[in-house]
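Asker: Below you will find the structure I want to go over with you.
The values are calculated or read from the model by the stated rules, or taken from the named source; none is laboratory data. Everything numeric in this text was worked out from a predicted model, so none of it was measured. Note that we place each Cβ from the backbone using ideal geometry, even for glycine, and neighbour counts take in every protein chain shown. The area values use the complete protein model at the heavy-atom level, side chains included, leaving out ligands, DNA and RNA. Shrake-Rupley method; radii C 1.70, N 1.55, O 1.52, S 1.80 Å.
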Amino acid sequence: RGLKTSGAGDVTFVGCAIEGNGKGQRSDSASDHGFGTRFTGSKSTVTLSNCVVAGNVQTTGDRNQQRGGGVYADAIKKLVLDDVVFVTNGVPHSIAQGAVAAWGFVGSALYAYNTPVEARGCRFIGNNGVTHRTYGSSVFLDGTCGGSAFVNCAFVGNQTTKFGTPYDSMSDYAAAFSMNLSSVDATVEFKNCTIAYNIAASYMGSAGIGVV
């Protein structure tokens, strides 16, 4: 893992490169998620500005689900992303068909759990997840993430690779962006965003945005 924060203080990263961090994983424990970064702390606002999050991938592992290749935010007060590039995070294509990824990868670029996200001018490019039954997506918002907003962002060329038989690939998660919000009243705003050339290798999931 590249870096980890916890506690109550706010943290800001400016002009940072979080690149090439890999992690082997053999459990579905929450403490194992997040390869590039892992942010925790319910009173903490974490800001990334003018940063690059690239090539943070799972390298070894077993048949377990992984979450948050580039950034994993676990129940923090807010995650703010300004002009951040997420590229080639998640599972390398060379190993996406093997046991390393056999139970899927959720949020290959970004996984936010019970965390509102404000993203402005961010690019999510060429991130790769794996679908097996119910997994996939480059960006995934899970739980109490209502109030999130993505403005002037681009989701381009992200992919969810199929693992297993056609039945095993009947995921309803999208390749670029999926959300599983805790309330029907919760909202996520997309404004002036580009969603293009994403590929979902599943029977039920969309290539762009999905609500599950």
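Asker: For region 144-166, which positions are at pLDDT 90 or above and either in a loop (DSSP other than H, G, I, E, B) or open to solvent by less than 10 Å² (accessible area, probe 1.4 Å) (or both)?
Answerer: Those that are at pLDDT 90 or above and either in a loop (DSSP other than H, G, I, E, B) or open to solvent by less than 10 Å² (accessible area, probe 1.4 Å) (or both): Thr144, Cys145, Gly146, Gly147, Ser148, Phe150, Asn152, Cys153, Phe155, Gly157, Asn158.
Asker: Can you spot a residue in region 73-91 that is modelled with pLDDT under 80, among the basic types (Lys, Arg) and not in a strand (DSSP E or B)?
Answerer: no
Asker: Shifting gears a bit: Check off (1) open to solvent by 60 Å² or more (accessible area, probe 1.4 Å); (2) in contact with a strand residue (DSSP E or B) (Cβ under 6 Å, 6 or more places away or on another chain); (3) modelled with pLDDT of 85 or more for Val211 and give me the number that stays unchecked.
Answerer: (3)
Asker: Ok, one more. Would you list the strands (runs of 3 or more DSSP E) that sit entirely within region 3-59 and hold 3 or more residues that are modelled with pLDDT under 85 and under 16 Å from Gly90 (Cα atoms)?
Answerer: Filter on region 3-59 gives 22-25.
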